Amino acid sequence: MNLSLRKIFFINITFALLAIHSSMAAEKLTVYVVNYPLQYFAERIGGEHVNVFFPAPADVDPAYWMPDAKTISEYQQADLILLNGAGYARWVNKVTLSRFRLINTSAGVKDQYIEIAEILTHSHGSEGEHAHESLAFTTWIDFSFAAKQAKAIAEALSRKRPELNNVFQKNFQELEQDLLKLDRNLKTLVSKNPARPLMVSHPVYDYFARRYGLNIKSVHWEPGEIPTNEQMMELNRILKEHPVKWMICWGLRSRAWSARPHRNWWPWCAK
């Protein structure tokens, strides 16, 4: 091969490699998640370079949801599947998913999972009966844990797209700052009156209470359902020893929680 042909060959190979690299960089990662917090973290970190899907219906608890065959197939085809860990979304143990795509975002805090002494059984409408298992799984409401889960997502995205590592790390650092600011602010707020009694509408605040030293009592009310007479009687019994002014209410998709004065508890929580 003469010099001119070698130059042409080298130039063609170079442009071909650049085209492949550009195509890979431009292709968005498909990411499937099992709850809204992970969706939010992945979207904040991945930005325009990811398409994030959280297919659980709005009217079911995603922790106990069982996807249909079509949805499972969509998970199987994803570039990444983000799990919460601590026993959240047990359906993943009943189907075949590539372990190379699975990311247990809370694996880094596994040694700090909270074990639940009492297993409670109840139902969420059409979902049927289920039990709150022996591990508390709402890890993300300890905002220091949430930051670690976000870091696991950033690392997973970078492994898939190493050329975008700087972008993912920058976005993660901004998210981490927001989460740790919330963590500091809550600690400061609680420190002013750590004995203040609070009520929660669902037994899912274990990590929240432990991290921030909250004086919490729990009832077991379902989102969207008006408390029964028996539940109101139970609440009144608790109030005699735990005179609270505020209740933190839980939504099915865990998109947010909010505190409300107790006089508005049941109508607000029933929304």
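Rounded to the nearest 20, the Cβ-based charge dipole of the stretch 129-178 about its Cα centre (Lys and Arg +1, Asp and Glu -1) stands at 340 debye.
In the context of the full set of protein chains, residues of the stretch 136-255 present 51 Å² of accessible surface per residue (probe radius 1.4 Å, heavy atoms only). Taking other residues whose beta carbon is less than 14 angstrom from the beta carbon of Asn165, and scoring Lys, Arg as +1 and Asp, Glu as -1, yields +3.
The values are calculated or read from the model by the stated rules, or taken from the named source; none is laboratory data. Since this is a predicted model, take the numbers as computed values, not measurements. Note that each Cβ is placed from the backbone with ideal geometry, even for glycine, and that neighbours are counted across all protein chains shown. Accessible surface is based on the protein model in full, side chains and every heavy atom, while ligands, DNA and RNA are left aside. Shrake-Rupley method; radii C 1.70, N 1.55, O 1.52, S 1.80 Å.
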